[in-house]
Amino acid sequence: MTEGTLDVAIVGCGIIGVNHARAIALIPGMRITALVDEVPAATERLAALIVDELGGERPTTHAEIEAIPDGVSVVVICTPSGSHVELAERAVARGMHVVLEKPLDVSMARGRRLAEIARDAEARGIRISVISQHRYDPGAVAVAEAAHTGRLGRITSAVATVPWWRSQEYYDSGAWRGTWELDGGGAVMNQGVHTVDLLLWFLGTPVEVFAHTALLAHERVEVEDVAVVTLRFGSGALAVLHATTAAFPDQPVRVAVHGAQGTGIVENDQLAHLWVDGETIDRTADWVPAGHRLGDERDPQAFADGHARQYADIVDSIRSGRPSRVGVPEALMALATVRGIYVSATTGSPVRIADLIDGTVDDSEVRTGGIA
């Protein structure tokens, strides 16, 4: 590693690995020097993209994480969700910082294990960060600031919807897609986890969830393609979450946070409306000027820009020694909320999030559609 440069290895060279490569290329002081995937064609495709499109030097390619050269500082894990903790543990054992694509993993047992690993790693100066790029969107930052500083008054409720479409071909494209073991869930875990994370950021610690899930529009899939959830927070605030991959065509993700003195609404990653301080004037343009609007994240460059904002924070945390803004504790709370949704849908009963965090409730047996 040259002075001031963090050498990066990407583990998992599929679509998400490509998106991370695009984001890393935007960050001064980071360079991709190694790629890991058990499919040689995947590493070759990404290596060619790094050279031909991103203007980087050709990285070395490997089949196993243990083959990563010793000079690598940061390991970015973009493999199926159920493999995240195992690979993170192997990277930390070599003294490397870790960036995990969301979610943290798909089971609370492994999530609690990673929390232990992260505490030990922090003591050794090793950072583990989990991608939650929407916490860095200007619109989400504005709503969080208004909520946390009291500009919305007492937060009373929130409504979040993730009305997306995924074709049957999407689920058929990979044997791991739509499985409990590796995907860890469907519309909530895979597509809606970022929105769950924003709800927690805006409203605070969740206390209890109650959920219904169903598989209505897809075949050969173990997990849900629609979920409706109610959440109760420690402040007393209540929220409703709707997530689906069975809404044709895709509609914008929308999160509305309501308080006694104001409301903040994020739609399609943009600040759509913001009322504060008990006034009826929409202050959206004051908080996020037009020049700070985001591009459509379906565009590869816009996707990379979103991740790059978080990577800038990760680099600063590594160099300064401070924790990253989204680490294992934040990601574990989001995972517990999602797993609580699945446990509730399976049992037909409310689930306390604290019981999942401490292991009182077992989340290993979940299924779509509720009680058999």
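The values are calculated or read from the model by the stated rules, or taken from the named source; none is laboratory data. Keep in mind the model is a prediction, meaning the values are calculated, not measured. So basically every Cβ, Gly included, is an ideal-geometry build from the backbone, and we count neighbours across all protein chains shown. In case anyone asks, the SASA skips ligands and DNA or RNA and just uses the protein heavy atoms, side chains included. Shrake-Rupley method; radii C 1.70, N 1.55, O 1.52, S 1.80 Å.
Details
- The residues of segment 155-283 have, on average, 41 Å² of accessible surface per residue, using a 1.4 Å probe with all protein chains present.
- Phi-based couplings in Hz for segment 349-360 (Karplus 6.51, -1.76, 1.60; Gly and Pro marked x): 10, x, 10, 7, 5, 4, 5, 7, 4, 8, x, 5
- Given a 1.4 Å probe and the protein chains as shown, residue 275 ends up with an accessible area of around 70 Å².
- Cα-based shape type of segment 9-74, given that a ≥ b ≥ c are square roots of the gyration tensor eigenvalues and the cut on a/c is 1.5: oblate
- Whether segment 86-190 is rounded, prolate or oblate, judged on the alpha carbon gyration tensor where a/c under 1.5 counts as rounded: oblate
- Protein heavy-atom surface of segment 106-153, 1.4 angstrom probe: 47% of the accessible area is carbon and sulfur, with nucleic acids and ligands not counted.
- Mean-position separation - Cα centroids, segment 43-99 and segment 1-38, in angstrom: 7 Å
- Of 62, 148, 273, 20, the order by accessible heavy-atom surface (1.4 Å probe, DNA, RNA and ligands excluded), from most exposed downward, is 148, 273, 62, 20.
- Between the exposed loop cleavage positions of the chain, defined as trypsin sites (Lys or Arg not before Pro) in a non-H, G, I, E, B DSSP state with at most 10 neighbouring beta-carbon atoms within 10 angstrom, the longest gap is 1-123.
- Extension gain for residue 267 to residue 51 (0.36 nm times residue separation, less C-alpha to C-alpha distance): 74.2 nm.
- Whether segment 208-258 is rounded, prolate or oblate, judged on the alpha carbon gyration tensor where a/c under 1.5 counts as rounded: oblate
- 3J(HN,Hα) along segment 114-129: 5, 4, 5, 4, 5, 4, 5, 5, 4, 5, 9, x, 9, 9, 10, 10 Hz, from the Karplus curve 6.51 cos²θ - 1.76 cosθ + 1.60 with θ = phi - 60°, whole Hz, x for Gly and Pro.
- At R0 = 45 Å, FRET efficiency that the Cβ-Cβ distance of residue 173 and residue 260 yields, to 0.05: 0.45
- Note on segment 319-372: Kirkwood hydrodynamic radius from all Cα pairs is 12.3 Å, rounded to one decimal.
- Solvent-accessible area, 1.4 Å probe, carbon plus sulfur percent, for segment 160-251: 59 percent
- Average accessible surface for segment 9-113: 39 Å² per residue, computed with a 1.4 Å probe over protein heavy atoms with every protein chain in place.
- Peptides 193-202, 136-145 ranked from most to least packed by the mean count of surrounding Cβ atoms within 10 Å: 193-202, 136-145.
- Cα centroids of segment 309-358 and segment 175-191: 17 Å apart.
- Rolling a 1.4 Å probe across all protein chains gives residue 181 an accessible area of roughly 140 Å².
- Long-range HN-HN contacts of residue 271 with modeled amide H, under 5 Å: 139
- ³J(HN,Hα) computed for each position of segment 208-216 - Karplus, 6.51 cos²θ - 1.76 cosθ + 1.60, integer Hz, glycine/proline x: 8, 10, 9, 9, 10, 10, 7, 10, 10
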